[in-house]
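Down below is the structure, laid out as C-alpha cells.
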Amino acid sequence: TLSANQISSLEHISSCQQLSELYLRRNKIPSLSELKHLQQLSRLKVLWLAENPCCDADPHRYRMTVIRNLPGLHKLDNQVVTEEELTQALKEGEELVSPPGPAPTSSTNGLTEADSEADPLNYSMEETNKIRAQLGMKLLPRDKFPSLASPRETGDAPKRKVRTHTLEAVLLLMKDLDVEELKIVQSVTESKLRSRSRRREREKSPICS
C-alpha cells in the first residue's frame, strides 16, 4: 500500500502494468487529472483514492470522473462499482485527455534529445528506491550499492561511479520484472545498441570536403 506517503503525482505508477490493486488514501494528490497516468493499467481493478485533495470539492463528481476514466475498476474507495454507475459516469463524469508526448527533436548525431533525456538506464539509488516504493516493494539498503562507499575519486572516477550506480540500479530492478517486462527491456536495449552503433559508424566515416 502507498497510503499516507505524501504522494502528489501518479506519473511513475503509469509503468506498473501488472498492478491490480492500488491504495493511495491520505496522500497529496491535488487533481483528478493525475488519473490519466492510470488509464493504461489494464489490470487495475481496485483503487482507493479517498482522503486526497482531489476528492474534497464534490464527492459525487469525483466518483463519476474516476469511474468514467477508469471503467475497468471493480471497486473504488472500498465501494463496488455498479453497472448503473458506469452508465451514469458517461454523462456526469469529466473525461480526462492525456497530453500528447513531446515530438522528437533531431540532433546532429542522429539521436534525439528525448532519447538521451529519457534514457531508461539513468537511474540512481534514490530513483530505484522511489520506484520500488511506488510498487509496494521493500526499499534497498545503501549497502546494496557498494560503489557508493568508494572513497577518494580523481579524474574520470566520478563519471565511472555514476555509470556504476546506473548499472547496479538497472540490474536490481530487473530482478523483479516478469517475462513480458524483461522483453520490453531487451527491445529497448537492442534499439539503443543499434543507435549507438550507427553513431560510431558515422563518427568513424571520413568527412568529405
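We did not get these values from a lab; they are worked out from the coordinates using the rules stated. Note that the structure is predicted; figures quoted are calculated from it, not measured. No Cβ is skipped: glycine too gets one built from the backbone with ideal geometry, and neighbour counts run over all protein chains shown.
Cβ crowding within 10 Å ranks H37, H74 as H74, H37, fewest other Cβ atoms first.
Evaluate the Kirkwood expression for the hydrodynamic radius of segment 20-98, namely the inverse of the mean inverse distance over all pairs of different C-alpha atoms, and round to one decimal in Å.
On the way: mean 1/r = 0.0811 Å⁻¹.
This gives a value of 12.3 Å.
How large is the direction-averaged shadow of the alpha-carbon convex hull of segment 5-55, in nm²?
Values: hull surface 12.1 nm².
Over every viewing direction, the Cα hull of segment 5-55 projects on average to 3.0 nm².
A straight chain from H74 to D178 at 0.36 nm per residue would run longer than the Cα-Cα distance by 35.0 nm.
Length gained on full extension, L171 to S14, computed as 0.36 nm times the residue gap minus the Cα-Cα distance: 54.5 nm.
Listed here are the pairs K45/K192; K28/K183; K36/K75; K28/K192; K28/K75; K45/K183; which of them are more than 29 Å apart at the Cα? Checking Cα-Cα distances, K45/K192; K28/K183; K28/K192 exceed 29 Å.
Charge tally around I184: other residues with Cβ under 12 Å, Lys/Arg +1 each, Asp/Glu -1 each, net -3. Here's how it looks for I7: its modeled amide H is under 5 Å from those of K28, which are all 5 or more places away or on a different chain.
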